[in-house]
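Novice: Attaching a single structure in structure tokens format; questions to follow.
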Amino acid sequence: MLVTLHELLAKAKKESYAIPATNVDNEHNVRAAIAAAEEMNSPLILNVIPNANPDIEFFGRIICDLARRSTQKIAVNLDHGKTFEECMKGIRAGFTSIMIDRSLCQFDENVEEVKEMVKIAHSLGVSVEAELGHVGSGDNYGVDGSTGITQVEEAKRFVELTNVDALAVAVGTAHGVYTGEPNIRFELLHELRDALPIPLVLHGGSGTGDENLKRCAHEGINKINLSNDLKRAAIENLTKEDLSGNAVYQLYPLLAQGFKNKVIHYIKLFGCAGK
Ligand SMILES: [Zn+2]
């Protein structure tokens, strides 16, 4: 069934586990992620990035429809809504959550834009995720890994001023592939968890490592975004097939199987199986 991010994360925060937010970009990986959640009796978040899906409204409606038919509780989240228009299209397509990313703006501008989005989204029963501090890029980890780290006092003020449902924090992860070892600030994560009344989100889960992610999921993070790791698992499952001879290759089921297995791995790791 299709539910809001707010509903899913409120329970996750109360019971100290995280839900995988799987980045999906076609019907096959949407179905694979949902199948994983159903097999594990787990909640799930489907993350959709606007720029990877030019017709976000059309694709969004398909995803929401598939989520609605599932036996499990699923939130569909517009990931990194960069413009007001993108966010509005997400809401019109039926997304139950919108991430409005103004993390590169000054604090006041970030607050103003998020506040506006919260007002609109909440009036329609849609949740909002924002980002404070800035989660950078793994290929620039030497710099991005230590700049833009979220400040506790600022985060407290941000949450009070915006009334946002969930906050993405920068505690040392990065998007894409890391150059160097990820350095997660667990002490800062604990401080943020204890200081903020809302669930926290970790972007850049891929490549962060199982040990780090498991700790994050049990020590304050309630939503972990995953993209590269899932796509890589899908491709690895395809390439390990014996492609000699002239069999009729089942390309998409092979990709979907690899994707699904990796989602199951993370559902177990994050403690949300059976939830
Ligand atoms: Zn992100």
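Quick note: the coordinates plus some simple rules give every number you see, no bench work behind them. Since this is a predicted model, take the numbers as computed values, not measurements. Quick reminder, even Gly has a Cβ in these numbers, built from the backbone with ideal geometry, and neighbours come from all protein chains shown.
Novice: For a footprinting-style exposure proxy, rank D108, D165 by other Cβ within 10 Å, fewest first.
Specialist: D108, D165
Novice: Which ordering of V177, V3 is given by a fewest-first count of other beta-carbon atoms within 10 Å? Could you put the intermediate results ahead of the total?
Specialist: Values: V177 13, V3 18.
Ordered by Cβ neighbours within 10 Å, fewest first: V177, V3.
Novice: May I ask you to list the aspartates and glutamates whose Cα is less than 19 Å away from that of K231, ignoring any residue fewer than eight positions away on the same chain?
Specialist: Partners within reach: D25, E27, D79, D139, D210, E241.
Novice: Could I ask something else about it? Connecting C-alpha atoms closer than 10 Å in a GNM of the chain, tell me which of N29, N183, N77 has the biggest fluctuation.
Specialist: N183
Novice: Right, another one. Which pairs break 31 Å Cα to Cα here: K11/K262; K119/K262; K214/K240; K73/K119; K89/K214?
Specialist: Numbers: K11/K262 23 Å; K119/K262 36 Å; K214/K240 28 Å; K73/K119 25 Å; K89/K214 34 Å.
Listed pairs above 31 Å: K119/K262; K89/K214.
Novice: Still on this structure, I have one more. Where is the GNM fluctuation largest for the chain (alpha-carbon springs, 10 angstrom cutoff): P197, P43, P54?
Specialist: P54
Novice: Calculate the FRET efficiency for K14 and N261 from the Cβ-Cβ distance with a Förster distance of 35 Å, rounded to the nearest 0.05. Write down the numbers at each step before the final one.
Specialist: Values: r = 29 Å, r/R0 = 0.83.
Taking R0 as 35 Å, the efficiency between K14 and N261 is 0.75.
Novice: Where Lys and Arg each count +1 and Asp and Glu each count -1, what net charge lies around I45 among other residues with Cβ under 13 Å from its Cβ? Don't skip to the answer; put the middle values down first.
Specialist: Numbers: positive: K11, K73, K223, K275; negative: E7, D79, E129, D165.
Net of charged neighbours comes to 0.
Novice: Now a separate question. If the chain were replaced by its equivalent ellipsoid, with semi-axes equal to the square roots of 5 times the Cα gyration tensor eigenvalues, what would those be, largest first, whole Å?
Specialist: Values: eigenvalues 165, 93, 61 Å².
Rounded to whole Å, the semi-axes are 29, 22, 18.
Novice: May I pose another question? Could you give the nm distance between label points at R215 and A52, where each point is 7 Å from its Cα heading toward the beta carbon?
Specialist: 2.7
Novice: Rounding to the nearest 10 and keeping the result within 0 to 90°, find how far the Cα-based axis of helix 228-239 lies from the longest principal axis of the chain.
Specialist: The angle comes out near 10 degrees.
Novice: Net charge within 15 Å of Q151 by Cβ-Cβ distance, Lys/Arg positive one each and Asp/Glu negative one each, not counting Q151 itself? Please report the intermediate quantities before stating the final value.
Specialist: On the way: positive: K156, R157, R185, R193; negative: D108, E131, E153, E154, E160, E187, E191, D194.
Net charge in that neighbourhood comes out at -4.
Novice: When the chain is fully extended, how far beyond the present Cα-Cα distance does Y249 get from N163, taking 0.36 nm per residue of separation? Provide the component values of the computation, followed by the final result.
Specialist: Numbers: separation 86, 0.36 × 86 = 30.96 nm, distance 5.01 nm.
Length difference between fully extended and current span is 25.9 nm.
Novice: Continuing with this model, one more query. What's the exposure ranking of Y17, Y252, Y266, going from fewest to most Cβ atoms within 10 Å?
Specialist: Numbers: Y17 20, Y252 16, Y266 26.
Neighbour counts put them in this order, fewest first: Y252, Y17, Y266.
Novice: What FRET efficiency comes out for the pair T71/N183, r = Cβ-Cβ distance, R0 = 41 Å, nearest 0.05? Each step should come with its number before you reach the end.
Specialist: Numbers: r = 39 Å, r/R0 = 0.96.
It comes to 0.55.
Novice: Between V48, V128, V152, where does the largest GNM mean-square fluctuation fall for the chain, given springs only between Cα atoms within less than 10 Å?
Specialist: Of the options given, V152 has the highest mean-square fluctuation.
Novice: What distance in nm separates the two pseudo spin-label positions at E85 and S137, each 7 Å out from Cα along the beta-carbon direction?
Specialist: For E85 paired with S137, the spin-label model returns 2.3 nm.
Novice: Please work out the FRET efficiency for the pair D242 and V152, using the Cβ-Cβ distance as r and a Förster radius of 35 Å; give the result to the nearest 0.05.
Specialist: Numbers: r = 53 Å, r/R0 = 1.53.
About 0.05, to the nearest 0.05.
Novice: Could you state the angle between the C-alpha long axis of helix 5-15 and the longest principal axis of the C-alpha atoms of the chain, as a value from 0 to 90 degrees rounded to the nearest 10?
Specialist: Orientation of helix 5-15: about 80 degrees from the principal axis.
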